[in-house]
Amino acid sequence: MTQINSVNYSSALLDVVIIGGGLVGGLTALLLAQGGVQATVLDAAPILDEEKTLAVANPRVLALSQATIHLLKTVDVWDNIARQMPYTGMQVWNKNGYGEINFGYASEQFPTAEQSLGSMVEPSVLNLAIQHKMLEQLRDYRTQVKVIRVEQGVNCWIIKLADGTELKTKLVIGADGANSFVRDQAFIDFDILDYKQAGLTCAIRTAQPHQYMARQIFHPTGPLAFLPMASLNSDQAEHWISIVWTLPDDYADEFAELDDADFCQLLTHESHHMLGEVLEATSRAKFPLKARAAQRYVKNGLALIGDAAHVIHPLAGQGVNIGCLDAAILCDVLLHDLKRGVWAHEQTLKRYEHQRKGQNDAMMHSMSTIGFIESTELFPLVWARNFALKQVEKQPFLKDQFMAQANGLSSLKATRYAV
């Protein structure tokens with residue numbers, strides 16, 4: 001275990017321990033530090049090597065919303081992200097339909113912050129920036145930590161580490177991902193929806209520039225998303241795309257085994273040549289698609305955030321963004337009550353759960369429903385789908401409502417992090 005900026009707290013009752021040091025856990029720790037609360041962060045990952053991390057382009061990207069970018073700016077992380085690709089527009093249509101929705105616009109020039117709808121960032125590059133800031137701001141940030149037990153004690157939680165260390169804390173925050181050990185140790189059940197689908201991802205180079213547009217085409221087998229990404233080669237800066245292709249398991253297995261030439265040809269055809277020929281494809285990977293929803297987010301002295309609490313379909317790229325909203329709302333209610341001399345009270349944690357669980361569950365079910373409607377071939381639903389797309393495209397007010405929901409800023413409106 002590597003111990004960074006660490007203080008020996010083994011005999012003390014800590015205010016808060018965050019298990020998980022990725023984007024959501026790190027953001028939570030930094031927001032709390034900004035509010036005067038120093039968290040102990042237990043991170044299973046090692047310290048990232050900056051040179052090695054930046055030398056490799058990650059084929060997967062995270063589509064960060066305006067709210068997430070605002071929160072990263074709030075904790076002084078955003079300007080330290082080594083590379084990112086803003087996008088100014090989104091285009092969504094159905095292969096077998098006639099409806100289409102367009103948000104924003106295509107751009108010939110690298111957009112300013114004011115012009116962009118959001119930004120695509122490689123997870124590794126984002127984690128590097130988060131980690132650097134935690135090293136600067138936190139007094140007790142530990143890496144390569146293995147947690148072997150989390151149990152409820154008398155007015156505290158007890159965390160046991162593989163090296164024999166035992167920590168006691170008033171509040172434990174589980175930010176340790178979809179297969180959360182904290183959630184399991186707290187005996188919090190979760191519901192699971194297996195889509196019987198897989199996500200196929202890779203980075204591709206296209207003949208035509210992406211013009212800072214995110215594109216998604218719905219096939220009967222599932223959506224194919226083209227997401228602009230930053231390139232290590234400045235001469236090809238606008239020609240690299242990260243794809244996320246949702247497919248039935250058997251299709252995903254078949255396409256994953258194609259050689260590069262055949263895969264590029266297939267992508268060119270299935271994307272309707274929207275960016276011309278796909279010239280190159282690298283780093284193909286496949287992952288199962290399953291939605292998860294914790295039946296509760298909190299217990300006395302414990303809270304789940306991010307993927308530990310919920311995993312949704314990647315259809316709208318909102319998973320990471322709703323996790324960051326979890327972090328903001330939890331920190332807001334904790335710091336609000338701290339001013340009144342209360343820390344991690346059960347009612348405080350329930351207020352966080354009340355604000356987030358309903359919204360997150362609704363997002364999960366809406367993504368599942370949209371996925372079904374967009375892939376169905378039942379005539380009444382096909383007609384309704386095409387009609388709805390056309391109507392939304394014609395109504396600026398409806399498009400604005402969709403964008404307001406997607407950018408996430410409304411969820412921050414009543415908090416200290418409001419824009």
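Read-outs: derived from the displayed coordinates by stated rules, not from any lab. Worth saying up front: this structure is predicted, and the values here are computed from it rather than measured. Note that each Cβ is placed from the backbone with ideal geometry, even for glycine, and that neighbours are counted across all protein chains shown.
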* Between Gly104 and residues 5 or more places away or on another chain, which pairs have amide H atoms under 5 Å apart, with H built 1.01 Å from N, and which residues are they? -> Met90
* Asked: What base-10 log of the normalised intensity I(q)/I(0) is obtained for the range 190-250 from the Debye formula, alpha carbons as equal point scatterers, at q = 0.23 Å⁻¹?
  -> -0.90
* Determine the equivalent ellipsoid of the range 146-217 by diagonalising the alpha-carbon gyration tensor, then write out the semi-axes as square roots of 5 times the eigenvalues, largest first, rounded to whole Å. => 42, 17, 12
* Ranked packing of 351-359, 25-33, most packed first, by mean Cβ within 10 Å -> 25-33, 351-359
* To do: Give me the net charge of Pro288's neighbourhood, meaning all other residues with Cβ under 11 Å from the Cβ of Pro288; Lys, Arg count +1, Asp, Glu -1.
  => +1
* Asked: From Cα coordinates alone, what are the radius of gyration and Dmax values for the chain in angstrom?
  -> 21.8, 66
* **Per-selection Rg to Rh, the range 261-355 - Cα, Kirkwood hydrodynamic radius** => 1.26
* Tilt of helix 260-270 relative to the longest C-alpha principal axis of the chain, in degrees (0 to 90, nearest 10)? -> 70
* **Inverse of mean 1/r across different Cα pairs in the range 230-275, Kirkwood, Å** => 12.3
* **In sequence order, calculated HN-Hα J values of the range 248-259 (Karplus, 6.51, -1.76, 1.60; Hz; x Gly/Pro)** => x, 3, 5, 5, 4, 4, 5, 5, 5, 8, 5, 6
* Non-local amide H neighbours of Leu62 (under 5 Å, H modeled in plane, Pro and chain starts lacking H): which ones? -> Val121, Glu122
* Roughly speaking, what is the centre-to-centre gap between the range 237-296 and the range 134-200 when only Cα atoms are used, to the nearest Å? -> 32
* Structure fact -> Beyond 31 Å (Cα-Cα) in this structure, taken from Lys168/Lys286; Lys146/Lys290; Lys52/Lys413; Lys52/Lys350; Lys52/Lys286, we find Lys168/Lys286; Lys52/Lys413; Lys52/Lys350
* Using only Cα atoms, tell me the angle between helix 23-34 and the longest principal axis of the chain; keep it within 0 to 90° and round to the nearest 10. => 50
* Structure fact -> Any residue on another chain or 5+ positions along whose placed amide H is under 5 Å from the amide H of Leu279 is listed here as Arg205, Thr206, Ala207
* Structure fact -> Scalar couplings 3J(HN,Hα) for the range 135-151 by Karplus 6.51 cos²θ - 1.76 cosθ + 1.60 (θ = phi - 60°), nearest whole Hz, x for Gly and Pro, are 4, 7, 9, 9, 8, 9, 10, 10, 10, 6, 9, 10, 8, 10, 7, 9, 9
* ³J(HN,Hα) computed for each position of the range 81-86 - Karplus, 6.51 cos²θ - 1.76 cosθ + 1.60, integer Hz, glycine/proline x -> 6, 5, 8, 7, 10, x
* Asked: For the chain, what is the calculated [θ] at 222 nm in deg cm²/dmol (nearest 500), taking -39500 (n - 2.57) for each run of four or more DSSP H residues and dividing by its residue count?
  -> -11000 deg cm²/dmol
